[in-house]
1. Considering each of A:Gly56, A:Gly45 in turn, give the residue that is touching a Leu at 6+ places or on another chain (Cβ under 8 Å), small (Gly, Ala, Ser) and farther than 17 Å from A:Thr89 by Cβ.
2. Among the helices (runs of 4 or more DSSP H) lying completely within the range B:130-231, list those that include at least 1 residues that are within 14 Å of chain A (Cβ to nearest Cβ), more than 16 Å from the chain's Cα centre (by Cα) and closer than 23 Å to B:Thr17 by Cβ.
3. Just to verify a result, which residue in the range A:290-305, among those that are within 14 Å of another protein chain (Cβ to nearest Cβ), in a loop (DSSP other than H, G, I, E, B) and touching a residue at least 24 places away in the same chain (Cβ under 8 Å), is nearest to A:Ile129 (Cα to Cα)?
4. What are the residues in the range B:284-302 that are open to solvent by less than 40 Å² (accessible area, probe 1.4 Å) and either of a type outside the set (Val, Ile, Thr) or at pLDDT below 95 (or both), if any?
5. Select, from A:Ala48, A:Ala54, A:Ala37, A:Ala58, the only residue that is out of contact with any strand residue (DSSP E or B) (no Cβ under 8 Å at 6 or more places or on another chain), open to solvent by less than 70 Å² (accessible area, probe 1.4 Å), under 18 Å from A:Asp85 (Cα atoms) and part of a helix (DSSP H, G or I).
6. With respect to B:Thr270, determine if the residue is open to solvent by 10 Å² or more (accessible area, probe 1.4 Å) and free of Cβ contacts under 8 Å to residues at least 24 places away in the same chain.
7. Within the range B:137-166, track down each residue that is over 21 Å from B:Ala42 (Cα atoms) and surrounded by fewer than 24 Cβ atoms within 10 Å (Cβ to Cβ).
8. Is it the case that A:Arg281 is within 14 Å of another protein chain (Cβ to nearest Cβ), over 19 Å from the mean Cα position of the chain (by Cα), open to solvent by 20 Å² or more (accessible area, probe 1.4 Å) and among the basic types (Lys, Arg)?
Protein chains: 2
Amino acid sequence: VRCIDWADGAVRLIDQTALPDQERWLDVTDPDELVDAIRRLAVRGAPALGAAGALGVALAAHRATHLTAAGYEQTVRAAAARLRDARPTAVNLARGVDRALARLGEGSAAVLAEARAVLDEEAAACRAIGERGADLLQQGRPLRILTHCNTGWLAAVEWGTALGIVTVLDERGWVERVYVDETRPLLQGARLTAWELAARGVDHRVVVDGAAPSVIARGIVDAVVVGADRIAANGDVANKIGTYPLALAAARAGIPFVVAAPESTVDLTTATGGGIEIEERDPAEVTAGPAYNPAFDVTPADLVTAVVTERRTVRPSRGETL
Amino acid sequence: VRCIDWADGAVRLIDQTALPDQERWLDVTDPDELVDAIRRLAVRGAPALGAAGALGVALAAHRATHLTAAGYEQTVRAAAARLRDARPTAVNLARGVDRALARLGEGSAAVLAEARAVLDEEAAACRAIGERGADLLQQGRPLRILTHCNTGWLAAVEWGTALGIVTVLDERGWVERVYVDETRPLLQGARLTAWELAARGVDHRVVVDGAAPSVIARGIVDAVVVGADRIAANGDVANKIGTYPLALAAARAGIPFVVAAPESTVDLTTATGGGIEIEERDPAEVTAGPAYNPAFDVTPADLVTAVVTERRTVRPSRGETL
C-alpha cells in the first residue's frame with residue numbers, strides 16, 4: 001500500500017491527521033485541496049511530499065485538458081507554484097513539482113507518467129536505503145534504536161527511510177527495541193511511528209522528546225536513526241525539530257547518528273544548513289499563549305556519523321561531503 | 001503569597017494540576033491526602049516539596065495530639081515515612097520531613113514551628129539566589145533567557161529559583177525575552193511558567209522541548225537558567241527530564257548553563273549523578289500505548305557553568321565541587 005497514489009482521476013492519500021484513531025482515505029480532485037492537505041500535514045514526510053508535488057501537477061494537468069493550450073499551461077503552472085510553496089523546508093516537494101512540470105508540453109498523460117515514475121523511484125530508493133542502512137548498523141546482536149518523527153511508509157510512499165532501516169533489521173531479527181520520540185507539537189512519533197511499529201509487532205517505547213538525550217546517555221541505545229527534509233552539500237541535515245539534540249547526545253555517548261534519505265533529499269545547490277529555510281508554523285500548534293514554533297532544525301555535519309541514500313553512504317563527521 | 005502554607009490546622013496549597021485554567025486552593029487535613037497531592041504534582045518543585053514534607057509532618061503531629069505518647073510517635077513517624085517516599089528524586093522532600101520529625105519529642109507546636117522555619121528559609125534563600133544569579137548574568141544589556149519546567153513561586157514557596165533570577169533581572173530592566181520549554185509530559189513550562197511570566201508582564205515564547213537546543217544554536221539565547229531536584233557533590237545535577245539537552249546545546253553554543261537551587265537541594269552524601277534515583281512515572285502521562293517515562297535526567301558537572309545557591313556560586317565545569 002502506498003500512502004499517496006493516483007486513483008481514477010484523483011490523488012488518493014491516507015489522512016495522517018486522523019491516525020491512529022481513524023484510517024481515513026481522501027480522494028483529492030482539486031490541486032488546491034492538495035495544497036491544503038500538504039499544509040495541514042495530511043500528507044507529510046520528504047519523499048511523500050515529492051510524490052504529492054508531482055501528483056498535484058498531474059492532477060492540475062488532468063483537470064485542465066479542456067482548456068486552450070495557453071490556458072492549460074497557465075493554469076497548471078499557477079497550480080504548480082502554489083504546490084511548490086505549500087511547505088518550504090523539504091526539497092522533495094519542489095523537486096517533485098518540477099519533474100512533473102518539465103513534461104507539461106507533452107500533455108497530461110506524460111505529466112502523469114512522470115509523477116508515477118517519481119512514486120516508483122521513491123519506493124525503490126527506500127528499499128535500497130533500508131538494506132544499506134541495515135548492513136551499516138548490524139552488529140550480530142539485536143539493537144536498541146532511537147528514532148524521531150515518522151519516517152515509515154506514511155512518510156515515504158510505501159516503505160520508509162529511517163524506519164525502512166528498522167524494518168529491514170527487524171526482518172533479519174536484529175531489533176531488540178525501538179525508542180520513539182513522541183515528536184511535539186504534532187506527535188508524529190507517538191501517533192504514526194508507534195502505530196507502524198505496533199502493526200509490525202516491533203517492541204517499542206514512546207518517550208517525550210526531552211527524555212531522548214538522557215535515554216541515550218544512560219547507555220540503553222545503540223544507534224540513532226532519523227530521516228531528513230533537506231541535506232546540504234556539506235552534510236548539514238535539516239529534519240523535524242528535535243533532531244539536533246539527538247545528534248548532540250549521540251556524539252557524546254559515542255553511538256552512531258545515521259541519517260536515512262533518498263538522493264532526492266540531497267540538495268547540492270545549498271552549500272550548508274545556514275542556507276536552508278526553516279518553516280515556522282502556527283504557534284497555536286504548541287499552546288494557546290505566545291509561542292515560537294519552528295518545524296525543523298539543522299544538525300551540523302560534524303555530528304552526522306553517516307548519510308545513507310539508495311546509492312551511497314557518506315560520512316560527514318569524517319569530513320566527507322555529499 | 002506562598003504556594004503552600006499552614007492555615008488553621010490544615011496545609012493550604014494551590015492545586016498546580018488545575019492551572020492555568022483555574023486557581024484552586026486546597027485545604028488538606030489528612031497527611032495521606034498530602035501524599036496524594038505530592039504524587040499527582042498538585043504541589044511540586046524541589047523547595048516547595050521541602051515545605052510540603054515539613055508541613056505534612058506538622059499536620060500528622062497536629063492530628064495525633066489526642067493519642068498516647070507512644071501512639072503519637074508511632075503515628076507521626078509512619079506518616080513521615082509515607083511522605084518521604086512519595087517522590088524519590090528531589091532531596092528537599094526527605095530533608096523537610098526529617099527536619100520537622102527531629103522536633104517530634106518537643107510536641108506538635110515545636111514540629112509546626114520547625115516546618116514554618118523551613119518555609120521561611122526557602123523563601124529567604126530564593127530571594128538571595130535571585131540576586132546572586134542576576135549579578136552573575138547581568139551584562140549591561142537585556143538578556144534572552146531560556147528556561148525549563150517551572151521554577152517560580154509555584155515551585156519554591158514564594159519566590160522562585162531559576163525564575164527568581166529572571167524576576168530580579170526583570171526588576172532591574174535586563175530581560176528582553178524568556179524562551180520557555182513546554183516541558184512534556186505535564187507541561188509545567190507551558191502551563192505554569194508562562195502563567196507566571198504573563199502575570200509579571202515579561203515577554204516570553206513557549207517552545208516545544210525538542211526546539212530548545214536549536215533555538216540555542218541559532219544564537220538567539222544568551223543564557224540557560226534552570227532549577228534542580230538534587231545536586232551531587234561533584235556538581236552533577238538531577239532536574240526535570242529535558243534539562244540535559246539544554247546543557248549540551250549551551251556548551252556547544254558557548255553560552256552559560258546556570259543551575260539555581262537552595263543549599264537544601266545540594267546532597268553531599270551523593271557523590272555523583274549516578275547515585276541519584278530517577279523517578280519513573282506512569283507511561284499514561286505520555287501516551288496510551290507503550291511508553292518509558294523517566295521524570296528527571298542528570299546533567300554531568302562538566303556541562304554546568306555555575307550552580308548558584310543563596311550563599312555561593314560554584315563552577316563545576318571548571319572542576320569545582322560542592
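The values are calculated or read from the model by the stated rules, or taken from the named source; none is laboratory data. In this text, all values refer to a predicted model and were calculated from it rather than measured experimentally. Cβ atoms come from the backbone with ideal geometry, glycine included; neighbour counts cover every protein chain shown. Accessible surface areas use protein heavy atoms only, side chains included; no ligands, DNA or RNA. Shrake-Rupley method; radii C 1.70, N 1.55, O 1.52, S 1.80 Å.
1. Residue meeting the stated conditions: A:Gly56.
2. Output list reads B:194-200.
3. Among residues in the range A:290-305 that are within 14 Å of another protein chain (Cβ to nearest Cβ), in a loop (DSSP other than H, G, I, E, B) and touching a residue at least 24 places away in the same chain (Cβ under 8 Å), the one nearest to A:Ile129 (Cα to Cα) is A:Pro300.
4. If the condition is that a residue be open to solvent by less than 40 Å² (accessible area, probe 1.4 Å) and either of a type outside the set (Val, Ile, Thr) or at pLDDT below 95 (or both), then B:Gly289, B:Ala291, B:Tyr292, B:Asn293, B:Pro294, B:Ala295, B:Phe296, B:Asp297, B:Pro300, B:Ala301 are the ones that fit.
5. On the way: A:Ala48 fails: out of contact with any strand residue (DSSP E or B) (no Cβ under 8 Å at 6 or more places or on another chain); A:Ala37 fails: out of contact with any strand residue (DSSP E or B) (no Cβ under 8 Å at 6 or more places or on another chain); A:Ala58 fails: out of contact with any strand residue (DSSP E or B) (no Cβ under 8 Å at 6 or more places or on another chain).
After applying the criteria, what remains is A:Ala54.
6. Answer is no for this residue.
7. The answer is B:Leu137, B:Gln138, B:Gln139, B:Gly140, B:Arg141, B:Pro142, B:Leu143, B:Arg144.
8. no
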